[in-house]
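Reading through the structure tokens given below for one structure.
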Amino acid sequence: MDSEAKRMGKVAAERDDYVPERVEARWRSFWEEERTNEVDLDAAERPFFNLMMYPYPSAEGLHVGNLYAFTGADIHGRYRRLLGEDVFEPIGFDAFGIHSENHALQVGVHPMELIPRNVANFERQLRRAGLMYDWTRTVDTTDPDYYRWTQWIFLKLFEAGLAEKKEAPVNWCPSCKTVLANEQVIAGRCERCRTPVGQRMLSQWFFRITEYAGRLLDNLEWIDWSRTTKTAQRNWIGRSEGARLWFPFVIVGDGGSGLADGSAVRARAIEVFTTRPDTLFGATFLVLSPEHPVVDEVTMPDRLEEVAAYQAATAGQDLMERRKVDRAKTGVFTGGHAVNPATGEEIQIWIADYVLMDYGTGAIMSVPAHDQRDFEFATRFGLPIRAVVAVSAGEGEAKDLADVPLGPGSSAFVEHTTDEVLINSGRFSGMPADDGGLAIVEWLAERSLAEPAINYRLHDWCISRQRYWGPPIPIIYCESCGTVPVPEDDLPVRLPYLEDFRPEAAGVSPLARVEEFYRVECPECGGEARRETDVSDTFLDSAWYFLRYPSTEFDDRPFDEARTRRWLPVDSYIGGEEHSVLHLLYSRFIVMALHDLGYLEFEEPYRRFRKHGLLVKDGAKISKSRGNVVIPDAYIDRYGADTFRTYLMFLGPYQEGGDFRDRGIAGPERFLYRVWDSVVAAVAASAGGRGCGEIEPELERALHRAIKKVTEDLERLSYNTAIAALMDYVNALRSEGRTPSLPEVRPLVIMLAPVAPHIAEELWERIGGEPSIFDHATWPTYDPAKLEEDKVDIPVQVNGKLRATVRVARGASREAVEELALRDENVRRHVEGATIRKVVHVPDRLINLVVG
RNA sequence: GCGAAAGUGGCGGAACCGGUAGACGCGCCAGCCUUAGGAGCUGGUGGCCUGAGGGCCGUGGGGGUUCGAGUCCCCCCUUUCGCACCA
């Protein structure tokens, strides 16, 4: 602060002007000294757990997007507190993970030094933002006292059979010799060295979240979440109903018929999943994913070379590239054949990279007449196409069966909706497609060649990271005992300090270079054993952090039973929509699993979740690469946290986001100065014996309306309109230069407190309240009887067009309003010469005269 | 391609049940009061026409339902976000 500004501050102070910096510093220390933001976790009678998504403490510091998210959640917490609830509002730091590690690599500072620095900086910034955090209960995921419990959760899931090790493909940079996350692959190349990225199979730990897919989906029916977030989860889980079908291989020299009865046949068959069993008669070939284990078995000797070459080419693609839709279809024939279980025909088996190993069974029945991708493939390679579904010509009859056009755009290439019938499908021809599909499955089920099935898009959760900056996975491998969990008493498995933490070894974690770390005794037999050297995914850290907050002081349990019963599930969770699927799904899964294991009484972690919108700047997403990152510090220095908070919440609907423009901040700034001036004037008037008594009647209505509006709007997070209502009320208080009275400003100060807590605290004290306002004020209530005037202005329409307004007593009858309306000159002009055919009267709202 | 959300003054946005479109704020215009801070206060501000009574048009475009549509229905366009060869 330069001396000029200091001088002005002093002048302002002498004049009793609002000086945000002084006010905010004063109350910040008051809250800290009086421990205003702490709550007695064991005695709270009306516990309200107000959760917001803890930040990743980046080196750049807190940005305006973080503050936008936190402020919106904080307002809700403060509001609940003023309603008399015991609000617990904690914060923490999600400081493990590739983000942090990459940044540490970039700046050449070890994460164990860098992270505490970043956390300290974040904390400094957060402390001046007016957030109601209980700083005695923070969580830092990199603290061994925290991650020992992350490891404990892994052990519990392992014991329950929900953690398993299996092979999975990963992006692999052959030059850096490291695994890459999908975000690190840019246009098929390594983001660091530009080398084309390939795929590699690695053995990794998975949580079997797919076991919970059905429940995770079903509970979405009743949990109280933003609708769009639920939809995102529903799509992500991706339930498809259909059937599994078995296509027996044709074994050379076997005579070709694999259609024996009995389930034994399945062992020698290719299993496919389809959502369209009704089209089975049109399945004219099979396509396997190039990685499918059965490829070797079905490939004929003369095709081996070609098939191997194609498999190699596929493996050379990175996972992202392969999933591009707009590429031309490629594939090769294996030489092998299978039998279509419905038609008995021998059909060719191909491999193609458009079939993905990680969805369904990794094999499809190809129905080119009714599937875009299969159609492209069949056209390219000259494979047969047979239509088996057609638009109904009515009454179960297909159109001309002999001449059904094929391929996209044709009537046979129908979407699976309504009004289709089967054709060319043996005895199923003529059936509506849906019924036909069921009938076909039923028919084949008798021979164990089909069964109804539900498939999920959701994959098991790979939690292994061949990286340094995360909690070591608590597993030990012993030659004789196999995979052995680390005994609970030995937790935490501490992450050692590594001078060189670069992820450069061949697909293994940097920890694999540290003998002192991985060489251990087997906890079971005491023999030589090797520790798991991968660390776990950051999303595991964040999948349970909210369980820890109320129990941070316990070092012998992750979450205390009594505390958990009192505080959880979380009452309100507010966060960004970018976490709709991963974090919000993983945390549901972990809670559900812990519930099933008897550690938690509830199976859904959040009573209510609301997403907030995205803050953009000048119409563009805020990002480092665009160079439009907004750091809040300068604004808080210049305007104070209260003005900044008010501005952030005023610039648009919180749940939809908004555009940050420097210019707009003037409005909220003036508003707070006006509030200040009004309250100071009211106090002075009251001291002078003037205007200290009643609320003026014309203002009473404005006040009760404001209370109603603000209360309802805070309830539904509609902060921009709540602030508008407060502004409106202040305008009414000051209209025609009047001086407001104390009873007129007291409710204003309370209603302002959630949004602008410092100034509200200061003004509360000045009007004689005992600080803190959050402990001693009561949220104002409104009287419905005082909301409306006893006279109302009623718009008069003629044929739906506004022609006049008339002022009538509240509740006036249709006749009375009509009579008055017809007395209006302008109305009369429009009604003249016509007859009134109808009068629509909405009491106290409108009258419409229909003439003609 | 699929899914979701959204298109309203010069700008950010309001209108929650189909009932006076544009609350609140920014900006702008006019006036007043000040000389230095947050400058403040008062009034005006969708467009076009006007005889100053008012009239016509107006919520992305086109249809429709209705006494009445930003709001409901159908078709189309645009933007943003997510997922993306999901069988």
Considering only residues of the stretch A:642-653 that are within 7 Å of RNA strand B (Cβ to nearest atom) and not small (Gly, Ala, Ser), which is surrounded by the fewest Cβ atoms within 10 Å (Cβ to Cβ)?
A:653
By residue number, the members of the stretch A:369-392 that are open to solvent by less than 50 Å² (accessible area, probe 1.4 Å) and not in a helix (DSSP H, G or I) are A:369, A:370, A:371, A:383, A:387, A:388, A:389, A:390, A:391, A:392
Where residues in the stretch A:830-852 are surrounded by 12 or more Cβ atoms within 10 Å (Cβ to Cβ), farther than 15 Å from residue A:795 by Cβ and without any contact (Cβ under 8 Å) to a residue 40 or more places away in the chain, which of them is farthest from RNA strand B (Cβ to nearest atom)?
A:834
Any residue at all in the stretch A:639-650 that's over 21 Å from residue A:576 (Cβ atoms), touching a residue at least 40 places away in the same chain (Cβ under 8 Å) and of a type in the set (Asp, Glu)?
yes
Whether any residue in the stretch A:333-354 is within 16 Å of RNA strand B (Cβ to nearest atom), under 36 Å from the mean Cα position of the chain (by Cα) and surrounded by 20 or more Cβ atoms within 10 Å (Cβ to Cβ) is what I want to check.
yes
Working only within the stretch A:27-69, note down all residues that are open to solvent by 20 Å² or more (accessible area, probe 1.4 Å) and not in a loop (DSSP other than H, G, I, E, B).
A:28, A:29, A:30, A:32, A:33, A:34, A:47, A:65, A:66
Restricting to the stretch A:437-454, and then to whatever is farther than 22 Å from residue A:338 by Cβ and not β-branched (Val, Ile, Thr), can you tell me which residue is least open to solvent (accessible area, probe 1.4 Å)?
A:439
Is at least one residue of the stretch A:537-546 hydrophobic (A, V, I, L, M, F, W, C) and open to solvent by 10 Å² or more (accessible area, probe 1.4 Å)?
yes
For the stretch A:709-761, name all the residues that are within 15 Å of RNA strand B (Cβ to nearest atom), open to solvent by 10 Å² or more (accessible area, probe 1.4 Å) and more than 31 Å from the chain's Cα centre (by Cα).
A:727, A:728, A:731, A:732, A:734, A:735, A:736, A:737, A:738, A:739
For the stretch A:369-391 the number of residues that are within 11 Å of RNA strand B (Cβ to nearest atom) and touching a strand residue (DSSP E or B) at 6+ places or on another chain (Cβ under 8 Å) is 3
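Condition check ((1) touching an Asp or Glu at 6+ places or on another chain (Cβ under 7 Å); (2) modelled with pLDDT of 85 or more; (3) within 30 Å of residue A:201 (Cβ to Cβ)) across all residues:
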{"site": "A:377", "(1), (2), (3)": "no, yes, yes"}
{"site": "A:381", "(1), (2), (3)": "no, yes, yes"}
{"site": "A:404", "(1), (2), (3)": "no, no, no"}
{"site": "A:435", "(1), (2), (3)": "no, yes, no"}
{"site": "A:439", "(1), (2), (3)": "no, yes, no"}
{"site": "A:452", "(1), (2), (3)": "no, yes, no"}
Kindly state which strands (runs of 3 or more DSSP E) lie completely within the stretch A:570-630 and contain at least 1 residues that are more than 13 Å from RNA strand B (Cβ to nearest atom).
A:572-576, A:608-612
If you go through A:457, A:494, the only one that is farther than 29 Å from residue A:215 by Cβ and either surrounded by fewer than 17 Cβ atoms within 10 Å (Cβ to Cβ) or assigned by TED's automatic domain parsing to the domain that holds residue A:171 (or both) is A:494
Filter the stretch A:806-829 down to the residues that are more than 11 Å from RNA strand B (Cβ to nearest atom) and aliphatic (A, V, I, L, M), then identify the one that is farthest from residue A:793 (Cα to Cα).
A:822
Does residue A:656 satisfy being among the charged types (D, E, K, R), open to solvent by 10 Å² or more (accessible area, probe 1.4 Å), in contact with a helix residue (DSSP H, G or I) (Cβ under 9 Å, 6 or more places away or on another chain) and not assigned by TED's automatic domain parsing to the domain that holds residue A:571?
no
Lone qualifier among A:781, A:805 - being of a type in the set (S, T, N, Q) and touching a residue at least 60 places away in the same chain (Cβ under 8 Å)
A:781
Applying the selection to the stretch A:505-527, what residues are within 33 Å of the chain's Cα centre (by Cα) and not hydrophobic (A, V, I, L, M, F, W, C)?
A:507, A:509, A:510
Tell me whether the stretch A:581-604 contains one or more residues that are closer than 21 Å to residue A:73 by Cα, β-branched (Val, Ile, Thr) and in contact (Cβ under 8 Å) with a residue 12 or more places away in the chain.
yes
Matching residues, the stretch A:798-812, being open to solvent by less than 40 Å² (accessible area, probe 1.4 Å) and not small (Gly, Ala, Ser):
A:798, A:806, A:808
Report the residue count in the stretch A:659-679 for those that are in a helix (DSSP H, G or I) and surrounded by fewer than 18 Cβ atoms within 10 Å (Cβ to Cβ).
9
Please enumerate the residues belonging to the stretch A:775-797 that are open to solvent by 50 Å² or more (accessible area, probe 1.4 Å) and within 26 Å of residue A:713 (Cβ to Cβ).
A:775, A:776, A:778, A:781, A:782, A:783, A:784, A:785, A:786, A:788, A:789, A:793
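The values are calculated or read from the model by the stated rules, or taken from the named source; none is laboratory data. Worth saying up front: this structure is predicted, and the values here are computed from it rather than measured. Methodologically, a virtual Cβ is constructed for each residue, glycine included, from the backbone with ideal geometry; neighbour enumeration extends over all protein chains shown. Surface areas here come from the heavy atoms of the whole protein model, side chains and all, with no ligands, DNA or RNA. Shrake-Rupley method; radii C 1.70, N 1.55, O 1.52, S 1.80 Å.
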